[in-house]
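Below: one structure, written as structure tokens.
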Amino acid sequence: MSVSRRGFLGFTAAALAPIHQAATREAPEPGAPDPASPEPGTASPTAQNPTAQNPEAHARGVAVGVAQDGPGARTLYLGTYGDSVGIATYDEAGKITSTGSIAGIPNASFVIRSGNFLYAVNEQDAGAVTAIDISSTPRVLNRQPNKGSGPCHLAKIGDYLLSANYGSGDIAVHPIAADGSLGQQTDLVKHEGSAPHAHQVVQAGQYVLGVDLGTDSIYTYTLTDGKLALQHQAKVKAGAGPRHLVFHPSGNYAYVADELDSTVTICGYDDGVLTVLESIPVGEGENYPGEVAISADGRFVYVTNRGHNSVAIFSTDGPHLELVGIPNCGGDWPRHCAFDPTGRLLFVANQKSNSITTFSVDQTTGSLTQTSDYSMPTPVCITV
């Protein structure tokens, strides 16, 4: 049985407690192998020649990494539950065009970029992480097992890559070499609890935070010589199911998207310690928040609502949130969202409708206006 986190389907509010104890992740069925695919770890012809058109370029795309490559250049890296990472571009209005793919990267459901390198999870029972060189023709550098199951999130912290394992409820650490490749694992820290499900790992200054949906906790660690040391554990409301958090630019507050009770939790933050202030609803009816993002100026917080199929827009002064809009997401089951580097575009991944919608962002009011729609199978994650 494969470990997956495709979403919580058809559950009622009364069932939240048992869900919380036995949360699962459903990966989409892999597509049939493409006989025309290049050897694993090499770029397809369209990746080498971005002007070529290839309808298979995003055939199994899942994660989207947004990168600003230079003046006028806007590149997307599209992860997958299949066997490749896609490559695409977008214009000033956010219209996305597929341009190629990188083969030989299984279940790359979350992808991040650091300069000339990509790092991807391999979301499988036997979890792994992959390093990719994109300085010229993209190629896989290497892959390392992370000794957990269902890795679903990544963060590059200094010279280390950290991965959150949803299935096994732990965080893995790998060193990054000067050439961008990954070394053997230096640590694996298990979250304590009856059903831990690590869902995010993020840097907060000198600290590392691990968000765990199954234990209703956010763990604070220090990272020294490749080893994690627990410093603090913050508990949100029982049954909330914290999924992802984002910090206010001041660094004094964090906003946590709670997947299981359809809320966002506002926390104060000081020197590694999160303090819960309040939780407020983010949608209507049966709903499972997916991602939380914040504008660069810290004035607006956005939460995707799976079920309600919307994006909740909140204005914020730091310790408080006020709902100012809840527009339709432009698709079905908006799992993730991310701003482009200018902050003028917001990409939303709609898993069930197989599309990424682009919104223009009014940076004065925070409002969203849909500008385009891009078709691809089961998009579930957008990273910048």
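Restricted to strands (runs of 3 or more DSSP E) entirely inside region 327-377, those with at least 2 residues that are open to solvent by 40 Å² or more (accessible area, probe 1.4 Å) are 368-375. You will find that of Arg113, Arg143, the residue that is within 20 Å of Ile356 (Cα to Cα), among the basic types (Lys, Arg) and either modelled with pLDDT of 95 or more or not in a loop (DSSP other than H, G, I, E, B) (or both) is Arg113 and no other. Filtering region 135-148 to residues that are open to solvent by 20 Å² or more (accessible area, probe 1.4 Å) and either of a type in the set (Lys, Arg) or touching a residue at least 40 places away in the same chain (Cβ under 8 Å) (or both) leaves Thr137, Arg139, Val140, Leu141, Asn142, Arg143, Gln144, Pro145, Lys147.
When we screen Gly167, Gly79 for residues that are open to solvent by less than 10 Å² (accessible area, probe 1.4 Å) and either out of contact with any His (no Cβ under 6 Å at 6 or more places or on another chain) or in a strand (DSSP E or B) (or both), the only hit is Gly79. Of the strands (runs of 3 or more DSSP E) lying entirely inside region 205-316, those containing at least 1 residues that are among the β-branched types (Val, Ile, Thr) span 207-212, 217-224, 242-247, 253-258, 263-270, 273-281, 288-294, 300-306, 310-316.
Scanning region 246-262 for residues that are open to solvent by 10 Å² or more (accessible area, probe 1.4 Å) and not charged (D, E, K, R) returns Val246, Phe247, His248, Pro249, Ser250, Gly251, Asn252, Tyr253, Ser262.
Listed here are the residues, each with its yes/no results for (1) within 21 Å of the chain's Cα centre (by Cα); (2) of a type in the set (Gly, Ala, Ser); (3) closer than 22 Å to Gly127 by Cβ; (4) open to solvent by 10 Å² or more (accessible area, probe 1.4 Å).
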{"position": "Cys152", "(1), (2), (3), (4)": "yes, no, yes, no"}
{"position": "Leu161", "(1), (2), (3), (4)": "yes, no, yes, no"}
{"position": "Val173", "(1), (2), (3), (4)": "yes, no, yes, no"}
{"position": "Thr186", "(1), (2), (3), (4)": "no, no, yes, yes"}
{"position": "Val208", "(1), (2), (3), (4)": "yes, no, yes, no"}
{"position": "Val211", "(1), (2), (3), (4)": "yes, no, yes, no"}
{"position": "Gly214", "(1), (2), (3), (4)": "yes, yes, yes, no"}
{"position": "Lys237", "(1), (2), (3), (4)": "no, no, no, yes"}
{"position": "Arg243", "(1), (2), (3), (4)": "yes, no, yes, no"}
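Using the structure shown, decide if Ser163 is among the small types (Gly, Ala, Ser), under 21 Å from Gly290 (Cα atoms) and touching a Phe, Trp or Tyr at 6+ places or on another chain (Cβ under 9 Å). Write out each step before concluding.
Numbers: among the small types (Gly, Ala, Ser): yes; under 21 Å from Gly290 (Cα atoms): yes; touching a Phe, Trp or Tyr at 6+ places or on another chain (Cβ under 9 Å): yes.
So Ser163 fits the description; yes.
Residue-level check: of (1) among the small types (Gly, Ala, Ser); (2) in contact (Cβ under 8 Å) with a residue 24 or more places away in the chain; (3) open to solvent by 10 Å² or more (accessible area, probe 1.4 Å), Ala177 misses just (2).
The residues of region 192-204 that are closer than 21 Å to Phe110 by Cα and assigned to a loop (DSSP other than H, G, I, E, B), listed by number, are Pro196, His197.
Note on region 279-305: residues that are on the phi > 0 side of the Ramachandran plot and either hydrophobic (A, V, I, L, M, F, W, C) or open to solvent by 10 Å² or more (accessible area, probe 1.4 Å) (or both) amount to 1. Take the conditions in a loop (DSSP other than H, G, I, E, B), at negative phi and open to solvent by less than 50 Å² (accessible area, probe 1.4 Å) and apply them to Pro319. Does it pass? Yes.
The values are calculated or read from the model by the stated rules, or taken from the named source; none is laboratory data. It should be emphasised that the depicted structure is a prediction, and the values quoted were computed from it without experimental measurement. Ideal geometry is used to build each Cβ from the backbone, glycine not excepted, and the neighbour counts take in all protein chains shown. Side chains included, ligands, DNA and RNA excluded: accessible areas come from the protein's heavy atoms. Shrake-Rupley method; radii C 1.70, N 1.55, O 1.52, S 1.80 Å.
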